[in-house]
1. Of the candidates Ser83, Ser211, Ser115, which one comes out as most mobile in a Gaussian network treatment of the chain with C-alpha springs shorter than 10 Å?
2. If you build a Gaussian network model of the chain, linking Cα atoms that sit under 10 Å apart, which residue out of Gly168, Gly98, Gly133 swings the most?
3. Whole-Hz Karplus ³J(HN,Hα) for segment 71-84, in order, using 6.51 cos²θ - 1.76 cosθ + 1.60 and θ = phi - 60°, x for Gly and Pro?
4. What are the GluC sites (Glu not before Pro) within segment 1-63 that DSSP puts in a loop, where the Cβ has at most 15 other Cβ atoms within 10 Å?
5. Residue-wise, which Karplus ³J(HN,Hα) couplings in Hz belong to segment 95-112, taking 6.51 cos²θ - 1.76 cosθ + 1.60, θ = phi - 60°, and x for glycine or proline?
6. If amide hydrogens are placed 1.01 Å from N in the peptide plane, which non-local residues have theirs closer than 5 Å to the one on Val61?
7. Relative contact order for the chain using alpha-carbon pairs under 8 Å, separation at least 6, rounded to a whole percent?
8. For an R0 of 25 angstrom, estimate the FRET efficiency from the Cβ-Cβ distance between Arg56 and Ala196 and round to the nearest 0.05.
Amino acid sequence: MDTRFLGIADLVETPSVAVVVDVMRAFTVAAWAFAQGAEKIVLAESLDEALAIKARHPNAVALKDGPPAPGFDLVNSPGLLRSADLGGRTVVQKTTAGTVGALAVKEASLVLCASFVVAEATARILRTRAGDGVTFVVTGEDGQAEEDLACAQYIARRAVEAGTDATGFLHRAAESRAAAELAQGIRQGVHPDDIALCLELDRFPFAMVASPEDSLMVLRPYAM
């Protein structure tokens, strides 16, 4: 499997298969939202668009990075989200990096959104596409986020070597700048369990596939 690891700004052409990685915290949060019963997640271009989409869908809840804000129901924290009842709801998500990365590759034939909590399920799909080149979009820190790169490299390895040990990759993520900022309270909208929840390997049995629906980019769980 031919793999590339690129930051969002480095995407100069539409890949065939894209795996968009945001460990801390967008796509850990998205996985938790599905586990809490969400039907789908709409990836919004902006905060204003997120609120506009929510207004058009009475059953929707809106989620953003940082502290709570008027009109938004949730923040981008798995620790805070895990107590939410999202049964049958639409979640509208706008984050600094993860949603931006997914929208940047929306023309790809397959877009997977990933983090450690869905790593094996994501790798399983990639095994069925072994003939395709795969672009891993490392969303954080202009493509330099160690937690995202570690997760991307682990999934890439796992797709071709099922026995790959995750220990070193998880350690890199635990020592990342993002983990330090969460631990030190530099980032807002944080629960004390967020780091640990982001580092739970294969917590969920599904992958997450994003595709266009009615001019929006919609993320749904996918289990093989």
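Quick note: the coordinates plus some simple rules give every number you see, no bench work behind them. Fair warning: this is a prediction, and the values are worked out from it, not measured in the lab. In this analysis, Cβ positions are derived from the backbone assuming ideal geometry, glycine residues included, and neighbour counts consider all displayed protein chains.
1. For the chain, modelled as a Gaussian network with Cα springs under 10 Å, the answer is Ser83.
2. Gly168
3. Karplus-based 3J(HN,Hα) across segment 71-84 equals x, 9, 9, 9, 10, 7, 9, x, x, 7, 6, 5, 9, 7 Hz.
4. Here the GluC sites (Glu not before Pro) that fit, given the DSSP loop and packing criteria, are Glu13, Glu45.
5. For segment 95-112, the Karplus-derived couplings read 10, 6, 10, x, 5, 5, x, 5, 5, 5, 10, 5, 8, 5, 5, 9, 10, 10 Hz, x marking Gly and Pro.
6. Under 5 Å from the amide H of Val61 lie the amide H atoms of Thr90, Val91, Val92, each far enough along the sequence or on another chain.
7. 33
8. It comes to 0.10.
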